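In what follows, a structure is listed as structure tokens, so that the remarks can point back to it.
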Amino acid sequence: MEKEGAVKQITASLNKVDLQNPNLSPLKSAHSTPTTTTLQFSSKLARQKPQKQRPPSLVSLCLGVVGENLEDIVADLSEIASGFPAHIKIGIAAIARRRKLLCDDVLIPLADSSWEILDVSGSDVSDLGLVKVAETCRFLRAVDISRCDNITAAGVSELVRHCKLLQILRCGGCPKSDRTARSSLGVLKPKLHEIEEDSWEDLDTAEIGHGAESLCWLVWPKIDADSLEILANECPRIIVNPKPSLFGYRGVEVPVEAMSDVALDSHFIKGIDPKTWAVRGFTPNTGSGSISPLDSTELSIAEKFRLAFLERDTRLAPKRAKNARQHQRRVERQWMMMSAEAKAIALASKVGKSRNSKN
């Protein structure tokens, strides 16, 4: 009787257990009906509405309006931009670059002393604008001057002289920019001056070196073999055209600014409608919001041949001049040896010199 009563009590207790109780331990709930739990989770996901895209900020909308009407305010840009913060100025410069409006008259009024990056690739900025910006923005760490036909080695030299913290430089991309990069190799390599001072105190205040002292990354897509060998032998610290890798490059993590497929100023135009810089026929990039440094209009075949001929002609001009001088001297020497008149003139000259020396 006692056993039967105990069995009835245990049976009644087990019947009261709720196997679907969410307060059970994870181990017990794992052994509960998985199909029901999965269906409940799937139904919740099905009921969830897709997240709506966040609307653009008021600052982005204002920048878009300014960018669309930028050509109308260029004349008064120095007065308008004087009260803008640094990130707004660089955003306007980024839109101007994409609209093919970036030049000295636009860049100089926008320059801010707190800028750390400068992207003027594919623009009409010249040495004058680059030097003025370098004098103002002395904390630049990354600069992109690729595909700039109006920038020469003189402008690069002033950039390196004023911006001692420059670590990343992008150049090349077109024949003129490639020539500028080749001419700037002597400027990019750091060198020491020969200085003689009376005391160590005077030596501390003197500049004992010149060149790109902090430059570590050089992005030059079509660098020639000779320039690459010069940099590898004389300045191995400068890494040319680094490629992104999970393990870095030579044990050093490659900065985003040193990757050629990322525009330096792309961060400052996030949230701005790409149609802003599509006013002049640009195709809006609806993907990542950044423009590749190689998205400029492709040159025609005739223009490429013309630029290649000019480059070859400029390169061979010193050699042609040297050959012309050698030919002239050879003709004069042959005339002196073969012509009786030339021999008579040479003999008379010697006689005259001897008489003058005797007197």
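Any read-out appearing in this document is the output of simple, stated calculations on the displayed coordinates, not a laboratory observation. Keep in mind it's a predicted model, so treat the numbers as computed, not measured. Please note: Cβ atoms are built from the backbone with ideal geometry, for glycine as well, and neighbour counts cover all protein chains shown.
Would you kindly derive the ³J(HN,Hα) couplings of the stretch 345-357 from the backbone phi angles with the Karplus curve 6.51 cos²θ - 1.76 cosθ + 1.60 (θ = phi - 60°), listing them in order in whole Hz, with x for Gly and Pro?
Coupling constants for the stretch 345-357: 5, 5, 5, 5, 5, 5, 4, x, 5, 5, 5, 5, 5 Hz.
What is the packing order of peptides 319-332, 109-122, taking the mean over residues of other C-beta atoms within 10 Å and listing the highest first?
109-122, 319-332
Counting only residues 5 or more places away or on other chains, whose amide H sits under 5 Å from the amide H of Asp144 once H atoms are built in the peptide plane?
Leu118, Asp119, Val120, Arg170
Output ³J(HN,Hα) for the stretch 254-265: one whole-Hz value per residue in order, computed from phi by the Karplus curve 6.51 cos²θ - 1.76 cosθ + 1.60 with θ = phi - 60°, and x for Gly and Pro.
7, x, 4, 5, 8, 9, 5, 8, 10, 6, 4, 9
Put one equal scatterer on each alpha carbon of the stretch 303-358, apply the Debye formula with no solvent term, and list log10 I(q)/I(0) at q = 0.15, 0.24, 0.29 1/Å to two decimals.
Here the Debye-derived log intensity ratios amount to -0.64, -0.90, -1.00.
Using θ = phi - 60° and the Karplus relation 6.51 cos²θ - 1.76 cosθ + 1.60, list the HN-Hα couplings for the stretch 322-339 in order, rounded to whole Hz, with x at every Gly or Pro.
Whole-Hz 3J(HN,Hα) from phi for the stretch 322-339: 5, 5, 5, 5, 5, 5, 5, 5, 5, 5, 5, 5, 5, 5, 5, 7, 9, 8.
Give the peptides 137-145, 307-315 in descending order of average Cβ contacts within 10 Å, highest first. Let's see the in-between values first.
Values: 137-145: 20.9, 307-315: 11.4.
Sorting 137-145, 307-315 by mean packing, highest first, produces 137-145, 307-315.
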